[in-house]
Amino acid sequence: MYPGAVCLRGINQRKTGKIDIISVCVSTFGLTETVTMKLINSSARGPSFTCLTLAFLLLLQCHHIASDFGQKSDSALIVVDNVGGGEGVGGDEEEEAMVNLKVVQPIEQWQTLKPGQAVPAGSHVRLNLQTGQREVRLGEEQLKYWKQEHREREGTQSSFTPDELKQAMKKIKEDLNTIMRRLLDQLNSSNSTAEQRLNILLELEYLVHQVDNAQTLCSMGGLQFILEGLNSSDFRLQESSAFVLGSALTSNPVVQVKALESGALRMLLTILATAQPFRVKKKVLFAVASLIRHFPYAQHNFLSHGGLQVLSELFRADGGRVLQTRIVTMLYDMISQKELISQAGLDPVLDASHEERVRQYSQVSLEGELLEKGWCSLVPQLLESTEHDYREKALRALLVMAPMCLDKYRSDSSLLGSLLSLRDQYLEMVQSEMILGEENGYFAEIVELIDALQVKMK
(Lines give C-alpha, C1' and ligand atoms only; values in the text may rest on other atoms or scores of the structure.)
Protein backbone atom coordinates (compact mmCIF):
# COMPACT_ATOMS: atom_id res chain seq x y z
CA MET A 1 0.00 0.00 0.00
CA TYR A 2 1.04 3.62 -0.57
CA PRO A 3 0.19 5.74 2.47
CA GLY A 4 -1.62 8.92 1.48
CA ALA A 5 -5.04 10.22 0.62
CA VAL A 6 -7.26 10.55 -2.46
CA CYS A 7 -9.78 13.39 -2.50
CA LEU A 8 -12.54 13.90 -5.07
CA ARG A 9 -14.90 16.81 -5.40
CA GLY A 10 -18.33 16.90 -7.06
CA ILE A 11 -20.87 19.65 -7.82
CA ASN A 12 -24.67 19.29 -7.60
CA GLN A 13 -27.00 22.06 -8.75
CA ARG A 14 -30.53 21.98 -7.31
CA LYS A 15 -33.68 23.11 -9.00
CA THR A 16 -33.78 26.12 -6.72
CA GLY A 17 -30.40 27.25 -8.08
CA LYS A 18 -28.52 26.27 -4.95
CA ILE A 19 -25.17 24.59 -5.56
CA ASP A 20 -23.73 21.84 -3.34
CA ILE A 21 -20.00 21.14 -3.47
CA ILE A 22 -19.18 17.73 -2.01
CA SER A 23 -15.61 16.74 -1.14
CA VAL A 24 -14.92 13.07 -0.35
CA CYS A 25 -11.51 11.83 0.80
CA VAL A 26 -10.23 8.31 1.38
CA SER A 27 -7.05 8.14 3.43
CA THR A 28 -5.10 4.88 3.39
CA PHE A 29 -2.57 3.98 6.01
CA GLY A 30 -1.45 0.36 5.90
CA LEU A 31 -4.60 -1.84 5.76
CA THR A 32 -6.92 0.76 7.30
CA GLU A 33 -9.05 3.14 5.24
CA THR A 34 -10.52 6.34 6.67
CA VAL A 35 -13.37 7.94 4.74
CA THR A 36 -14.20 11.62 5.17
CA MET A 37 -17.08 13.38 3.46
CA LYS A 38 -17.50 17.14 3.62
CA LEU A 39 -20.43 19.11 2.24
CA ILE A 40 -19.48 22.64 1.28
CA ASN A 41 -21.72 25.61 0.44
CA SER A 42 -24.96 23.67 0.95
CA SER A 43 -28.25 25.28 1.93
CA ALA A 44 -29.13 25.75 5.56
CA ARG A 45 -31.87 23.09 5.50
CA GLY A 46 -29.43 20.31 4.60
CA PRO A 47 -28.49 18.44 1.42
CA SER A 48 -31.05 17.10 -0.98
CA PHE A 49 -31.50 13.46 -1.93
CA THR A 50 -29.68 14.05 -5.21
CA CYS A 51 -26.81 15.60 -3.31
CA LEU A 52 -26.53 12.59 -1.00
CA THR A 53 -26.67 10.29 -3.99
CA LEU A 54 -23.83 12.19 -5.60
CA ALA A 55 -21.80 11.97 -2.41
CA PHE A 56 -22.39 8.24 -2.26
CA LEU A 57 -21.19 7.83 -5.85
CA LEU A 58 -18.10 9.88 -5.09
CA LEU A 59 -17.47 7.76 -2.04
CA LEU A 60 -17.60 4.60 -4.11
CA GLN A 61 -15.23 6.06 -6.66
CA CYS A 62 -12.79 7.16 -3.93
CA HIS A 63 -12.97 3.73 -2.37
CA HIS A 64 -12.22 2.20 -5.75
CA ILE A 65 -9.18 4.46 -6.29
CA ALA A 66 -7.86 3.90 -2.77
CA SER A 67 -8.26 0.13 -3.18
CA ASP A 68 -6.35 0.29 -6.43
CA PHE A 69 -3.32 1.62 -4.58
CA GLY A 70 -2.75 -1.84 -3.14
CA GLN A 71 -3.35 -3.69 -6.45
CA LYS A 72 -1.32 -3.95 -9.62
CA SER A 73 -4.24 -3.16 -11.90
CA ASP A 74 -3.73 -1.56 -15.30
CA SER A 75 -5.95 1.33 -14.23
CA ALA A 76 -4.30 1.94 -10.85
CA LEU A 77 -3.22 5.49 -10.05
CA ILE A 78 0.24 5.35 -8.52
CA VAL A 79 1.96 8.22 -6.71
CA VAL A 80 5.72 8.12 -7.17
CA ASP A 81 8.51 10.15 -5.62
CA ASN A 82 10.02 12.89 -7.72
CA VAL A 83 13.56 11.70 -7.01
CA GLY A 84 14.71 8.14 -6.60
CA GLY A 85 16.30 7.03 -3.36
CA GLY A 86 15.65 4.93 -0.30
CA GLU A 87 14.45 1.36 -0.06
CA GLY A 88 10.77 0.52 -0.27
CA VAL A 89 8.90 -2.06 1.72
CA GLY A 90 7.20 -3.70 -1.25
CA GLY A 91 10.08 -5.90 -2.33
CA ASP A 92 11.40 -6.71 -5.80
CA GLU A 93 7.98 -7.47 -7.24
CA GLU A 94 6.66 -4.02 -6.36
CA GLU A 95 9.78 -2.32 -7.72
CA GLU A 96 9.40 -4.23 -10.99
CA ALA A 97 5.82 -2.99 -11.31
CA MET A 98 6.93 0.59 -10.72
CA VAL A 99 9.55 0.35 -13.46
CA ASN A 100 6.83 -0.44 -16.02
CA LEU A 101 4.78 2.62 -15.09
CA LYS A 102 4.85 5.75 -17.21
CA VAL A 103 5.25 8.82 -15.03
CA VAL A 104 3.24 11.81 -16.19
CA GLN A 105 4.71 15.25 -15.64
CA PRO A 106 1.77 17.48 -14.58
CA ILE A 107 1.31 20.98 -15.97
CA GLU A 108 -0.62 24.00 -14.74
CA GLN A 109 -3.81 22.90 -16.54
CA TRP A 110 -5.86 19.77 -15.88
CA GLN A 111 -4.93 16.82 -18.12
CA THR A 112 -6.52 13.39 -18.38
CA LEU A 113 -4.78 10.39 -16.83
CA LYS A 114 -4.62 7.23 -18.86
CA PRO A 115 -4.65 3.69 -17.41
CA GLY A 116 -1.26 2.62 -16.08
CA GLN A 117 0.05 6.16 -15.63
CA ALA A 118 1.65 7.40 -12.40
CA VAL A 119 2.01 10.93 -11.06
CA PRO A 120 4.72 12.58 -8.92
CA ALA A 121 4.02 13.05 -5.21
CA GLY A 122 2.34 16.37 -4.45
CA SER A 123 0.26 16.39 -7.65
CA HIS A 124 -3.42 17.42 -7.54
CA VAL A 125 -5.71 14.60 -8.78
CA ARG A 126 -9.49 14.82 -9.33
CA LEU A 127 -12.37 12.86 -10.91
CA ASN A 128 -14.18 14.69 -13.72
CA LEU A 129 -17.85 13.80 -13.10
CA GLN A 130 -18.87 14.75 -16.63
CA THR A 131 -16.36 12.52 -18.42
CA GLY A 132 -15.68 9.98 -15.67
CA GLN A 133 -11.93 10.45 -16.30
CA ARG A 134 -9.29 11.09 -13.69
CA GLU A 135 -7.33 14.30 -14.21
CA VAL A 136 -4.09 15.71 -12.81
CA ARG A 137 -2.33 19.04 -12.59
CA LEU A 138 0.53 20.58 -10.59
CA GLY A 139 -0.04 20.83 -6.85
CA GLU A 140 0.27 24.12 -5.00
CA GLU A 141 3.85 23.50 -3.87
CA GLN A 142 4.89 22.31 -7.32
CA LEU A 143 3.43 25.44 -8.92
CA LYS A 144 5.87 27.52 -6.91
CA TYR A 145 8.86 25.96 -8.62
CA TRP A 146 7.75 24.24 -11.82
CA LYS A 147 6.85 26.25 -14.90
CA GLN A 148 5.53 25.13 -18.23
CA GLU A 149 8.72 26.26 -20.00
CA HIS A 150 10.67 23.70 -17.94
CA ARG A 151 8.45 20.88 -19.18
CA GLU A 152 8.86 21.34 -22.93
CA ARG A 153 9.75 17.74 -23.56
CA GLU A 154 7.26 14.98 -22.97
CA GLY A 155 7.96 11.57 -21.55
CA THR A 156 9.98 10.41 -18.57
CA GLN A 157 13.33 11.91 -19.51
CA SER A 158 14.49 13.99 -16.53
CA SER A 159 18.10 14.75 -17.52
CA PHE A 160 19.53 17.47 -19.74
CA THR A 161 21.69 17.01 -22.79
CA PRO A 162 25.08 18.76 -22.93
CA ASP A 163 23.72 21.25 -25.46
CA GLU A 164 20.78 22.06 -23.22
CA LEU A 165 23.08 22.62 -20.25
CA LYS A 166 25.31 24.81 -22.38
CA GLN A 167 22.36 26.91 -23.50
CA ALA A 168 21.04 27.14 -19.95
CA MET A 169 24.41 28.34 -18.63
CA LYS A 170 24.64 30.84 -21.47
CA LYS A 171 21.21 32.20 -20.60
CA ILE A 172 22.14 32.46 -16.92
CA LYS A 173 25.28 34.39 -17.80
CA GLU A 174 23.34 36.70 -20.11
CA ASP A 175 20.78 37.33 -17.39
CA LEU A 176 23.53 38.10 -14.85
CA ASN A 177 25.20 40.46 -17.30
CA THR A 178 21.90 42.27 -17.75
CA ILE A 179 21.53 42.57 -13.99
CA MET A 180 25.12 43.80 -13.66
CA ARG A 181 24.61 46.42 -16.36
CA ARG A 182 21.40 47.65 -14.75
CA LEU A 183 23.02 47.92 -11.30
CA LEU A 184 26.03 49.80 -12.63
CA ASP A 185 23.85 52.23 -14.57
CA GLN A 186 21.84 52.93 -11.44
CA LEU A 187 24.99 53.29 -9.34
CA ASN A 188 26.37 55.86 -11.77
CA SER A 189 23.08 57.72 -12.19
CA SER A 190 22.95 61.22 -10.76
CA ASN A 191 19.32 60.57 -9.85
CA SER A 192 20.18 57.76 -7.44
CA THR A 193 20.06 58.64 -3.75
CA ALA A 194 22.68 57.58 -1.21
CA GLU A 195 20.32 54.92 0.13
CA GLN A 196 19.75 53.53 -3.35
CA ARG A 197 23.49 53.40 -3.98
CA LEU A 198 24.03 51.52 -0.72
CA ASN A 199 21.46 48.90 -1.76
CA ILE A 200 23.10 48.59 -5.19
CA LEU A 201 26.53 48.10 -3.63
CA LEU A 202 25.06 45.42 -1.38
CA GLU A 203 23.75 43.53 -4.40
CA LEU A 204 27.05 43.93 -6.24
CA GLU A 205 29.01 42.60 -3.27
CA TYR A 206 26.91 39.45 -3.40
CA LEU A 207 27.41 39.03 -7.14
CA VAL A 208 31.18 39.59 -7.33
CA HIS A 209 31.96 36.65 -5.09
CA GLN A 210 31.62 34.67 -8.32
CA VAL A 211 34.87 35.05 -10.28
CA ASP A 212 33.23 35.63 -13.67
CA ASN A 213 30.87 38.25 -12.27
CA ALA A 214 33.77 40.20 -10.77
CA GLN A 215 35.56 40.17 -14.10
CA THR A 216 32.37 41.23 -15.88
CA LEU A 217 32.09 44.17 -13.47
CA CYS A 218 35.57 45.29 -14.55
CA SER A 219 34.89 44.85 -18.28
CA MET A 220 31.74 46.99 -17.94
CA GLY A 221 33.65 49.81 -16.29
CA GLY A 222 32.23 49.08 -12.87
CA LEU A 223 35.63 49.12 -11.17
CA GLN A 224 35.92 52.85 -11.80
CA PHE A 225 32.52 53.43 -10.19
CA ILE A 226 33.63 51.47 -7.12
CA LEU A 227 36.85 53.50 -6.83
CA GLU A 228 34.83 56.70 -7.08
CA GLY A 229 32.76 55.44 -4.16
CA LEU A 230 35.95 55.22 -2.08
CA ASN A 231 36.34 58.99 -2.46
CA SER A 232 32.77 59.69 -1.38
CA SER A 233 32.16 62.07 1.50
CA ASP A 234 29.57 59.60 2.78
CA PHE A 235 31.38 57.16 5.08
CA ARG A 236 28.72 54.53 4.41
CA LEU A 237 29.43 54.61 0.67
CA GLN A 238 33.17 54.41 1.37
CA GLU A 239 32.69 51.33 3.54
CA SER A 240 30.38 49.56 1.08
CA SER A 241 32.60 50.39 -1.91
CA ALA A 242 35.65 48.97 -0.13
CA PHE A 243 33.66 45.84 0.72
CA VAL A 244 32.66 45.31 -2.93
CA LEU A 245 36.24 45.88 -4.06
CA GLY A 246 37.69 43.44 -1.52
CA SER A 247 35.19 40.74 -2.47
CA ALA A 248 35.87 41.21 -6.19
CA LEU A 249 39.64 40.98 -5.62
CA THR A 250 39.54 37.81 -3.52
CA SER A 251 41.30 34.95 -5.39
CA ASN A 252 40.76 36.75 -8.70
CA PRO A 253 44.09 37.57 -10.44
CA VAL A 254 42.38 39.28 -13.39
CA VAL A 255 40.66 41.77 -11.12
CA GLN A 256 43.80 42.18 -9.00
CA VAL A 257 45.78 43.29 -12.05
CA LYS A 258 43.07 45.68 -13.24
CA ALA A 259 42.69 47.20 -9.78
CA LEU A 260 46.44 47.75 -9.42
CA GLU A 261 46.61 49.35 -12.87
CA SER A 262 43.69 51.62 -11.91
CA GLY A 263 45.53 53.03 -8.89
CA ALA A 264 43.39 51.26 -6.31
CA LEU A 265 46.31 50.43 -3.99
CA ARG A 266 47.44 54.03 -3.58
CA MET A 267 43.87 55.14 -2.98
CA LEU A 268 43.33 52.48 -0.31
CA LEU A 269 46.57 53.35 1.51
CA THR A 270 45.60 57.02 1.51
CA ILE A 271 42.33 56.19 3.24
CA LEU A 272 44.14 54.10 5.87
CA ALA A 273 46.59 56.93 6.51
CA THR A 274 43.90 59.55 7.11
CA ALA A 275 41.30 59.99 9.83
CA GLN A 276 38.43 57.64 9.00
CA PRO A 277 35.78 55.77 11.00
CA PHE A 278 36.78 52.34 12.26
CA ARG A 279 34.22 50.57 10.01
CA VAL A 280 35.70 52.19 6.90
CA LYS A 281 39.27 51.26 7.80
CA LYS A 282 38.23 47.69 8.56
CA LYS A 283 36.77 47.21 5.06
CA VAL A 284 39.62 49.10 3.38
CA LEU A 285 42.15 46.86 5.14
CA PHE A 286 40.22 43.87 3.81
CA ALA A 287 40.50 45.28 0.28
CA VAL A 288 44.28 45.85 0.65
CA ALA A 289 44.82 42.30 1.90
CA SER A 290 42.76 40.89 -1.00
CA LEU A 291 44.69 42.97 -3.53
CA ILE A 292 48.22 41.93 -2.50
CA ARG A 293 47.51 38.30 -1.57
CA HIS A 294 49.57 35.94 -3.80
CA PHE A 295 50.44 38.94 -5.98
CA PRO A 296 54.16 39.75 -5.56
CA TYR A 297 54.10 42.71 -7.94
CA ALA A 298 51.33 44.30 -5.87
CA GLN A 299 53.29 43.52 -2.68
CA HIS A 300 56.32 45.27 -4.16
CA ASN A 301 54.17 48.33 -4.89
CA PHE A 302 52.68 48.11 -1.40
CA LEU A 303 56.15 48.38 0.15
CA SER A 304 57.36 51.10 -2.22
CA HIS A 305 54.31 53.24 -1.38
CA GLY A 306 55.02 53.03 2.36
CA GLY A 307 52.44 50.34 3.09
CA LEU A 308 54.23 48.95 6.15
CA GLN A 309 54.61 52.44 7.63
CA VAL A 310 50.88 53.05 7.18
CA LEU A 311 50.07 49.73 8.83
CA SER A 312 52.43 50.36 11.75
CA GLU A 313 50.70 53.66 12.54
CA LEU A 314 47.32 51.97 12.23
CA PHE A 315 48.52 49.16 14.52
CA ARG A 316 49.60 51.57 17.25
CA ALA A 317 46.31 53.48 17.07
CA ASP A 318 44.06 50.40 17.34
CA GLY A 319 42.98 49.90 20.93
CA GLY A 320 40.44 47.18 20.21
CA ARG A 321 42.97 44.75 18.68
CA VAL A 322 40.64 43.93 15.77
CA LEU A 323 42.68 45.84 13.19
CA GLN A 324 45.91 44.69 14.86
CA THR A 325 44.91 41.07 14.33
CA ARG A 326 44.07 41.66 10.68
CA ILE A 327 47.34 43.47 10.10
CA VAL A 328 49.36 40.67 11.75
CA THR A 329 47.51 38.11 9.65
CA MET A 330 48.37 40.08 6.50
CA LEU A 331 52.05 40.17 7.48
CA TYR A 332 52.02 36.45 8.19
CA ASP A 333 50.53 35.75 4.75
CA MET A 334 53.11 37.88 2.95
CA ILE A 335 56.09 36.28 4.74
CA SER A 336 54.82 32.69 4.47
CA GLN A 337 53.89 33.09 0.79
CA LYS A 338 57.36 34.30 -0.10
CA GLU A 339 58.99 31.58 1.98
CA LEU A 340 56.84 28.89 0.41
CA ILE A 341 57.49 29.98 -3.17
CA SER A 342 61.22 30.26 -2.48
CA GLN A 343 61.44 26.66 -1.39
CA ALA A 344 62.12 23.92 -3.91
CA GLY A 345 58.79 22.27 -3.23
CA LEU A 346 57.31 23.17 -6.60
CA ASP A 347 58.54 21.18 -9.56
CA PRO A 348 59.56 23.58 -12.37
CA VAL A 349 58.50 20.98 -14.89
CA LEU A 350 54.98 20.83 -13.51
CA ASP A 351 54.80 24.56 -12.82
CA ALA A 352 56.28 26.54 -15.70
CA SER A 353 55.74 29.88 -13.95
CA HIS A 354 57.72 28.85 -10.86
CA GLU A 355 60.91 30.67 -11.82
CA GLU A 356 59.03 33.84 -12.69
CA ARG A 357 57.25 33.84 -9.35
CA VAL A 358 60.54 33.28 -7.54
CA ARG A 359 61.98 36.25 -9.41
CA GLN A 360 59.03 38.48 -8.55
CA TYR A 361 59.08 37.53 -4.87
CA SER A 362 62.82 38.21 -4.74
CA GLN A 363 61.99 41.86 -5.43
CA VAL A 364 59.74 42.02 -2.36
CA SER A 365 62.27 43.20 0.25
CA LEU A 366 60.06 42.50 3.22
CA GLU A 367 62.65 41.58 5.84
CA GLY A 368 64.45 44.90 5.95
CA GLU A 369 61.16 46.83 6.00
CA LEU A 370 59.85 44.81 8.95
CA LEU A 371 62.99 45.52 10.99
CA GLU A 372 63.07 49.17 10.04
CA LYS A 373 59.42 49.82 10.91
CA GLY A 374 59.71 48.11 14.31
CA TRP A 375 57.43 45.14 13.66
CA CYS A 376 59.62 42.81 15.74
CA SER A 377 58.43 44.76 18.80
CA LEU A 378 54.90 45.53 17.60
CA VAL A 379 53.61 42.02 16.93
CA PRO A 380 54.36 40.70 20.48
CA GLN A 381 51.93 43.31 21.84
CA LEU A 382 49.03 41.27 20.44
CA LEU A 383 49.86 38.51 22.95
CA GLU A 384 48.42 40.80 25.64
CA SER A 385 44.96 40.25 24.21
CA THR A 386 42.56 37.98 26.09
CA GLU A 387 41.28 36.45 22.84
CA HIS A 388 42.73 33.02 22.07
CA ASP A 389 42.39 33.56 18.34
CA TYR A 390 44.34 36.83 18.47
CA ARG A 391 47.12 35.18 20.48
CA GLU A 392 47.31 32.27 18.06
CA LYS A 393 47.71 34.60 15.06
CA ALA A 394 50.39 36.58 16.90
CA LEU A 395 52.35 33.41 17.70
CA ARG A 396 52.22 32.22 14.10
CA ALA A 397 53.44 35.60 12.86
CA LEU A 398 56.24 35.66 15.45
CA LEU A 399 57.41 32.25 14.25
CA VAL A 400 57.66 33.22 10.57
CA MET A 401 59.35 36.51 11.58
CA ALA A 402 61.90 34.73 13.80
CA PRO A 403 64.71 34.53 11.19
CA MET A 404 64.79 38.36 10.95
CA CYS A 405 63.72 39.23 14.52
CA LEU A 406 65.52 36.67 16.65
CA ASP A 407 67.89 39.15 18.29
CA LYS A 408 64.99 41.47 19.11
CA TYR A 409 63.03 38.58 20.62
CA ARG A 410 65.88 37.54 22.89
CA SER A 411 66.35 41.05 24.23
CA ASP A 412 62.62 41.59 24.81
CA SER A 413 62.04 40.66 28.47
CA SER A 414 58.34 41.39 28.14
CA LEU A 415 58.02 38.82 25.35
CA LEU A 416 59.91 36.18 27.35
CA GLY A 417 57.66 36.72 30.35
CA SER A 418 54.50 36.60 28.24
CA LEU A 419 55.50 33.28 26.69
CA LEU A 420 56.15 31.68 30.08
CA SER A 421 52.89 32.94 31.53
CA LEU A 422 50.86 31.91 28.49
CA ARG A 423 52.40 28.44 28.46
CA ASP A 424 51.37 27.79 32.06
CA GLN A 425 47.88 29.11 31.35
CA TYR A 426 47.36 26.96 28.28
CA LEU A 427 48.80 23.83 29.90
CA GLU A 428 45.95 24.01 32.42
CA MET A 429 43.49 24.33 29.56
CA VAL A 430 45.06 21.33 27.86
CA GLN A 431 44.41 19.28 30.97
CA SER A 432 40.77 20.28 30.81
CA GLU A 433 40.65 19.25 27.14
CA MET A 434 42.12 15.85 27.96
CA ILE A 435 39.51 15.27 30.65
CA LEU A 436 36.89 15.87 27.94
CA GLY A 437 38.64 13.37 25.68
CA GLU A 438 40.36 15.88 23.38
CA GLU A 439 44.00 14.85 23.32
CA ASN A 440 45.02 17.15 20.44
CA GLY A 441 42.69 20.08 21.01
CA TYR A 442 42.97 23.75 20.15
CA PHE A 443 44.80 24.74 23.32
CA ALA A 444 47.36 21.98 22.82
CA GLU A 445 48.09 23.50 19.42
CA ILE A 446 48.75 26.89 21.02
CA VAL A 447 51.16 25.26 23.50
CA GLU A 448 53.04 23.75 20.55
CA LEU A 449 53.36 27.19 18.96
CA ILE A 450 54.75 28.62 22.22
CA ASP A 451 57.21 25.74 22.57
CA ALA A 452 58.40 26.17 18.97
CA LEU A 453 59.01 29.87 19.49
CA GLN A 454 60.87 29.28 22.76
CA VAL A 455 63.12 26.74 21.05
CA LYS A 456 64.03 29.26 18.36
CA MET A 457 64.82 31.88 20.99
CA LYS A 458 67.25 29.69 22.97
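The values are calculated or read from the model by the stated rules, or taken from the named source; none is laboratory data. Here the structure is a predicted model, which is why all the values come from computation and not from measurement. Ideal geometry is used to build each Cβ from the backbone, glycine not excepted, and the neighbour counts take in all protein chains shown. We work out accessible area using only protein heavy atoms, side chains counted, and drop any ligands, DNA or RNA first. Shrake-Rupley method; radii C 1.70, N 1.55, O 1.52, S 1.80 Å.
When the accessible area of the stretch 399-443 is split by element with a 1.4 Å probe, what percent falls to carbon and sulfur?
Details: 1510 of 2840 Å².
Its accessible area is 53 percent carbon and sulfur atoms.
For the stretch 244-253, what does the Karplus curve 6.51 cos²θ - 1.76 cosθ + 1.60, with θ = phi - 60°, yield as ³J(HN,Hα) per residue in whole Hz, taken in order and with x for Gly and Pro?
Calculated HN-Hα couplings, in order: 4, 4, x, 5, 5, 7, 4, 6, 9, x Hz.
Using a 1.4 angstrom probe, figure out how much accessible area the stretch 265-408 has per residue, in square angstrom, rounded to the nearest whole. Spell out each step's value before the answer.
Values: 6620 Å² over 144 residues.
Each residue of the stretch 265-408 exposes 46 Å² on average to a 1.4 Å probe.
Hey, what do the phi angles of the stretch 394-400 turn into as Karplus ³J(HN,Hα) couplings, whole Hz, using 6.51/-1.76/1.60 and θ = phi - 60°, x for Gly and Pro?
For the stretch 394-400, the Karplus-derived couplings read 5, 5, 5, 5, 4, 5, 6 Hz, x marking Gly and Pro.
Could you work out how much longer the chain between K458 and L436 gets when fully extended? Use 0.36 nm per residue separation minus the Cα distance between them, nm to one decimal.
Values: separation 22, 0.36 × 22 = 7.92 nm, distance 3.37 nm.
Length gained, K458 through L436: 4.5 nm.
In the calculated pair distance distribution of the stretch 205-363, what percentage of Cα-Cα distances lie above 22 Å?
Working: 5419 of 12561 pairs.
Taking all Cα-Cα pairs of the stretch 205-363, the fraction more than 22 Å apart is 43 percent.
If r is the Cβ-Cβ distance from K166 to D389 and R0 is 41 Å, what FRET efficiency results, to the nearest 0.05? Please list the in-between numbers first.
Details: r = 45 Å, r/R0 = 1.10.
It comes out at approximately 0.35.
Taking θ = phi - 60°, what integer Hz values does the Karplus form 6.51 cos²θ - 1.76 cosθ + 1.60 yield along the stretch 310-320, in sequence order, with x for Gly and Pro?
With coefficients 6.51, -1.76 and 1.60, one gets 4, 5, 5, 5, 5, 4, 5, 8, 8, x, x Hz.
Compute the Cα gyration tensor for the stretch 328-458, then decide on rounded, prolate or oblate, letting a ≥ b ≥ c be the square roots of its eigenvalues: rounded whenever a/c is under 1.5, prolate when a/b is larger than b/c in the other cases, and oblate in all that remain.
Because a/c hits 1.5 or more and a/b fails to exceed b/c, the stretch 328-458 counts as oblate.
Between E356 and V211, take the C-beta separation as r, use R0 = 22 Å, and let me know the FRET efficiency to the nearest 0.05.
Working: r = 22 Å, r/R0 = 1.01.
Efficiency at R0 = 22 Å is approximately 0.50.
Counting C-alpha atoms alone, how compact is the stretch 233-291: give Rg to one decimal and Dmax as a whole number, in angstrom.
My reading of the Cα-based Rg and Dmax gives 10.7, 31 Å.
Would you mind counting up the charge near V280? Only other residues with Cβ under 10 Å from its Cβ, with Lys and Arg at +1 and Asp and Glu at -1. Working shown, then result.
Working: positive: R236, R279, K281, K282, K283; negative: E239.
That works out to +4.
Mind running the shape call on the stretch 174-213? Use the C-alpha gyration tensor, a ≥ b ≥ c as the square roots of the eigenvalues: rounded below 1.5 for a/c, prolate if a/b tops b/c, oblate otherwise. Intermediate results must be reported in sequence, preceding the final value.
Working: a/c = 3.24, a/b = 1.62, b/c = 2.00.
Oblate shape, in that a/c is at least 1.5 and b/c is the bigger or equal ratio.
Sort out for me the Cα centre separation of the stretch 154-229 from the stretch 411-458, rounded to whole Å.
One Cα centre to the other: 48 Å.
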